[in-house]
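Here's the structure we're looking at; comments come further down.
The values are calculated or read from the model by the stated rules, or taken from the named source; none is laboratory data. Note that the structure is predicted; figures quoted are calculated from it, not measured. When we count neighbours, we look across all protein chains shown, and the Cβ atoms used for this are built from the backbone with ideal geometry, even at glycine. Just the protein is used for accessible areas: all its heavy atoms, side chains included, with ligands, DNA and RNA removed. Shrake-Rupley method; radii C 1.70, N 1.55, O 1.52, S 1.80 Å.
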Amino acid sequence: MGPVSADLPVIDLASADVGAATKSIHQPLVDYGFFYVINHGIDDALMKSVYAESKKFFEQTMEEKMALEKNSSHRGYIRPDFEGFEADAGGKGDLLECFHIGSTVDSDSKDDANQETSKRIMSLIALSLDLDAEFFQPDRPETILRPIHYSGRAVESKYGSDHGANAHTDYGMLTLLSTDGTPGLQICRDKDRRPQIWEDVHHIDGAFVVNIGDLLERWTNNVYRSTLHRVLMVGKERYSMAFFVWPSRDTMVKCIETCSSEANPPRSPSSIYIIFNVFGLIFYLMPLKINGNLFRYPPIRSDEYLEQRLTSTY
């Protein structure tokens, strides 16, 4: 059976009924980790201009693009077959090419349209968790704007990948995605199920696709979901724009109180076990407990977590 269509809700950011918007955002983040937003405040003419500049850049020769190759700060051009997220695929490289345009420590992005939109979304997410609306509003967030180009044709890959973007979850707090309307984006709600079931995410004119990343999943104690997704090659050229949002670099990420209870104690994808080495034999005992609680998802600074994930990718 082929992929089914994901039934994602549409959140109107211009709605005066904040309570209704807050309520409507909760269940999708539990079930999917994905939703659409409309009336986001980013002008259509601006988006067309950004897409035009993106197309102009990617139409250059590889030599010209590689002159701006990604640097040690993870800013710049990333060639096809360089990234590879899908461990089960033997490290196959993605067939996309992209360019990272990132904020710096000294930048002031408070007037940036994408930043303002992401702040409105994060306010709704905070309210949906019974937190203050400003809970996720950092003074100096880390952001990356990522124009992406998929050639639409299979290119020779040293790992034999057939995906524009292999199955992966995003690292950070929030992702806003704009596309040119070309299909290919799919999500998998249950990554451990075999066979995996993939659902198509269709384009809606004027809407952004929004999803949360692993850092917010961790922050919410797995209450909200960072969902596996991929982009298939569909035989047609495809352009998109992803905007990634992280907290301030020094933000300490730890389990949110409203996301922890006796029924849902602080957790992690894999427990930390006490390990003994006796005469060369390794023994794994019960999960480590502190004050009667499982020691999982230890607090971590945002910048440390980001560096760990970027290092594992590149």
(request) Give the accessible area for W246 in Å² (nearest 10); use a 1.4 Å probe, count only protein heavy atoms, and leave out ligands, DNA and RNA. (result) 20
(request) Compare K65, K70, K236 by solvent-accessible area with a 1.4 Å probe and give them largest first, with all protein chains kept in place. (result) K236, K70, K65
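Take peptides 226-232, 124-130, 302-308, 56-62 and line them up by average Cβ neighbours within 10 Å, highest first, as a rough protection proxy. Mind showing how you got there, number by number?
Details: 226-232: 21.7, 124-130: 19.4, 302-308: 16.3, 56-62: 12.3.
Most protected by this proxy first, the peptides run 226-232, 124-130, 302-308, 56-62.
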(message) Along each principal axis of its Cα atoms, how long is the stretch 20-64 end to end? Whole angstroms, biggest number first, please.
(response) 48, 23, 8
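May I ask you to give the percent of accessible area on the stretch 142-249 that is carbon plus sulfur, with a probe radius of 1.4 Å? List each step's numbers first, then the result.
Values: 1940 of 4130 Å².
Percent of accessible area from carbon and sulfur atoms in the stretch 142-249: 47.
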(request) Report, by chain and number, residues whose modeled amide H sits under 5 Å from the one on H163, excluding near sequence neighbours (fewer than 5 apart, same chain). (result) L95
(message) In whole Hz and in residue order, list the ³J(HN,Hα) couplings for the stretch 244-249 that follow from phi through the Karplus curve 6.51 cos²θ - 1.76 cosθ + 1.60, θ = phi - 60°; x for Gly and Pro.
(response) 9, 10, 10, x, 4, 4
(request) Starting from the residue with the highest accessible area, list D214, D180 in decreasing order, probe 1.4 Å. (result) D180, D214
